[in-house]
1. Hey, can you tell me all the residues within region A:41-81 that are hydroxyl-bearing (Ser, Thr, Tyr) and touching a residue at least 40 places away in the same chain (Cβ under 8 Å)?
2. Go over the candidates A:18, A:28 one by one and state the one that is closer than 12 Å to residue A:5 by Cβ, open to solvent by 20 Å² or more (accessible area, probe 1.4 Å) and more than 9 Å from chain B (Cβ to nearest Cβ).
3. Any residue in region A:36-46 that is crowded, with 19+ Cβ neighbours inside 10 Å and not in a helix (DSSP H, G or I)?
4. For region A:47-59, which positions are at the interface with chain B (Cβ under 9 Å from one of its Cβ atoms) and open to solvent by 20 Å² or more (accessible area, probe 1.4 Å)?
5. Modelled with pLDDT under 90 and either among the acidic types (Asp, Glu) or in a helix (DSSP H, G or I) (or both) - does that describe any residue in region A:173-186?
6. Among the residues of region B:14-33, count how many are at pLDDT 75 or above and within 16 Å of residue A:59 (Cβ to Cβ).
Amino acid sequence: MGTSVTALDDAQLVERFARHGDNAAFEAFVRHYLPALRRFIAARLPPDVDAAEVEQDVLVRLHAGLGRFRFGADPTTYLYRICWNAAADALRARKRERGRARRMAALKADGDPRNGDDPAIQLERSSEGARVLAALRSLGEPDASLVYLRDSEGVGVAELARTFGLPEGTVKSRLSRARGRLRAALEPDTTGGRHDP
Amino acid sequence: MNDTDEDDGRDTALGALLYRATEERANRAGPDFDAVYGRAAERRGRRARVLRAAVPLAAAAVMAAAILPPVMRERETRAMVAAEVAILAERIMDPDAFRAAPDGSFAEGVSVFVDELWNRDPAGSD
């Protein structure tokens, strides 16, 4: 364990953490991937879901599960799968919370406390990037994640197939159809400027 | 928008648009690596404390059920004891840890866990 973690590659960092519980190795590994994980989470979640909460959840799950990682496999497959699951859990939790909030609001008759009045959320919804991400999310899952990871993060088709448990041919056909739908959804924003006053 | 890189089947123009959008949101989220990592480490610590406490609590509840007379082993009684276990577990948690629970509430998880254990047939194969 004498080697500095800065001299180790990803596979060595994962192995060191898994075998020796070396948190410095875990931190070095996560530091490398966190920007990509944050972008993926941002792509998956609507503005009113707290992305920071999900980021933390991903790190907790990663810390608990990375020790069982199969050496030799690509760690990004595992990382993106954890992110995808954590985001799905957050969306389910939001759905339950909204149901509760609606019931409470009906009881109190003073409006839904989660109706999006937060100025930060309103600002986020109005940005150009938010419209792009809303169009992406409108594709549904796993298509949105497939397009994002393939085209934005450069994840290979074979790796996507492993991550989502799909045959490679299915990944390719879904990518093709989803890109067409995404381009169509973005078309008004990219050609017209019809929304400008 | 349509300049797909035919060599590797990647639409780089679409990718660049998505990258900018996600980078914008990720940057707006704020906390740097150390903040995210630090909060996650705190959460790991809380979860570990909860797990250490929850298992003995659940085990105690199951043992209590075993010595209850059969007439008290009805669903309402089990639910009441499970709720007590959950409340005890919740007292050592903070709200952040609750939100981290996969099903939204740690109390729900403990209740289900205890209920499942209770429903096992002591003489059965499980």
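1. A:76, A:77, A:80 - these are the residues of region A:41-81 that are hydroxyl-bearing (Ser, Thr, Tyr) and touching a residue at least 40 places away in the same chain (Cβ under 8 Å).
2. On the way: A:18 fails: closer than 12 Å to residue A:5 by Cβ.
So the residue among A:18, A:28 that is closer than 12 Å to residue A:5 by Cβ, open to solvent by 20 Å² or more (accessible area, probe 1.4 Å) and more than 9 Å from chain B (Cβ to nearest Cβ) is A:28.
3. Applying the first criterion (crowded, with 19+ Cβ neighbours inside 10 Å) to region A:36-46 yields A:36-45.
Pick out the ones that are also not in a helix (DSSP H, G or I) and you get A:45.
The answer is yes, given that some residue of region A:36-46 is crowded, with 19+ Cβ neighbours inside 10 Å and not in a helix (DSSP H, G or I).
4. A:47, A:50, A:53 - these are the residues of region A:47-59 that are at the interface with chain B (Cβ under 9 Å from one of its Cβ atoms) and open to solvent by 20 Å² or more (accessible area, probe 1.4 Å).
5. Pass one, region A:173-186, residues modelled with pLDDT under 90: A:186.
Imposing the further condition that a residue be either among the acidic types (Asp, Glu) or in a helix (DSSP H, G or I) (or both) reduces the set to A:186.
Scanning region A:173-186 turns up at least one residue that is modelled with pLDDT under 90 and either among the acidic types (Asp, Glu) or in a helix (DSSP H, G or I) (or both).
6. 1
The values are calculated or read from the model by the stated rules, or taken from the named source; none is laboratory data. Source: prediction; values computed, not measured. Methodologically, a virtual Cβ is constructed for each residue, glycine included, from the backbone with ideal geometry; neighbour enumeration extends over all protein chains shown. Heavy atoms of the whole protein, side chains included, go into the accessibility calculation; ligands, DNA and RNA do not. Shrake-Rupley method; radii C 1.70, N 1.55, O 1.52, S 1.80 Å.
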